[in-house]
Amino acid sequence: LRNLIRRSSVSNESERMENMSAASQLVHWREPKKSGAAFGLSLLVLVSLATLSVISVLSYLLLACLCVTITFRVYKSVIQAVQKSNEGHPFRSLLERDISVSSESVRQLADQFLIHLNWFSNQTRRLLLVEDLVDSLKLAAVTWVMTYVGAVFNGVTILILADIIFFTTPLIYQKKKVKTHLMSLSSTQSAPLQDKLPGAVKKSKVE
């Protein structure tokens, strides 16, 4: 029974992994190290923006990145000098990788941006010029509520809360979904076993 539950969960997990994109896998914690790093870094940047200016945050991030890369470069140079090896630059593979943006990708991004921009402009015109009275009243109610939200939270605080919800909600949902799936499998597999028990046979004969 346990092996069957494990096999079914593993097969379902592999199917989900194939159907998910890279961003979706990051949010659903398919690779915990990458997801944890992304969540921690994004939360650190947002908290830093809440306390410091944008220029200071960018400067500290670049300084931290340079400290890591320079320290690693010096460390590898010392190791190569001691071991007398000719491994070369430690970041050679990254330096030789092509990171240029192709014209096709730029066109695709521009087309997607134009589609969303046109949709946003049409919706804004429709709502502000009261094409549909109900939709415009809904927008007025939402903006009125957002005035109270803005009085309590600033934009960076809302982004911090959104980042926490964005990374934690799929993980909690996935854990609950796996538990319910395992419980349903165990119940379906235990039903035939209960029918084969002596007590169940005697009960059926008496009936």
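The values are calculated or read from the model by the stated rules, or taken from the named source; none is laboratory data. Everything numeric in this text was worked out from a predicted model, so none of it was measured. Here the Cβ is made from the backbone with ideal geometry for all residues, glycine too, and neighbour counts use every protein chain on show. Heavy atoms of the whole protein, side chains included, go into the accessibility calculation; ligands, DNA and RNA do not. Shrake-Rupley method; radii C 1.70, N 1.55, O 1.52, S 1.80 Å.
Once all protein chains are placed together, residue 119 keeps about 150 Å² accessible to a 1.4 angstrom probe. If I ignore ligands, DNA and RNA and count only protein heavy atoms, how much of residue 128 is accessible to a 1.4 Å probe, in Å² to the nearest 10? About 120 Å², ignoring ligands and nucleic acids. The trypsin sites (Lys or Arg not before Pro) of segment 89-170 that meet both conditions, a loop assignment by DSSP and at most 12 other Cβ atoms within 10 Å of the site Cβ, are 97. In order along segment 147-155, phi translates into HN-Hα couplings of 5, 6, 5, x, 6, 8, 10, 8, x Hz, rounded to whole numbers, per the Karplus curve 6.51 cos²θ - 1.76 cosθ + 1.60 with θ = phi - 60° and x for Gly and Pro. For the set 167, 91, 153, the ranking by accessible area, highest first and with no ligand, DNA or RNA atoms included, is 153, 91, 167 under a 1.4 Å probe.
About the Cα centre of segment 78-168, what is the dipole size in debye to 20, counting +1 per Lys and Arg Cβ and -1 per Asp and Glu Cβ, all else neutral? Roughly 180 debye, rounded to the nearest 20.
Taking a Cβ cut-off of under 13 Å around residue 42, the surrounding Lys, Arg, Asp and Glu residues balance to a net charge of 0, with basic ones at +1 and acidic ones at -1. Sorted from longest to shortest, the spans of the Cα atoms of segment 32-92 along the three principal axes equal 48, 29, 16 Å. For segment 39-45, the Karplus equation 6.51 cos²θ - 1.76 cosθ + 1.60, evaluated at θ = phi - 60°, returns couplings of 5, x, 5, 5, 5, 5, 5 Hz by residue, with Gly and Pro reported as x. This model, with +1 at the C-beta of Lys and Arg and -1 at the C-beta of Asp and Glu, gives segment 35-140 a dipole about its Cα centre of some 460 debye. Per-residue Karplus couplings for segment 59-72, computed as 6.51 cos²θ - 1.76 cosθ + 1.60 with θ equal to phi - 60°, are listed in order as 5, 5, 5, 5, 5, 5, 5, 5, 4, 5, 5, 5, 4, 5 Hz, Gly and Pro entered as x.
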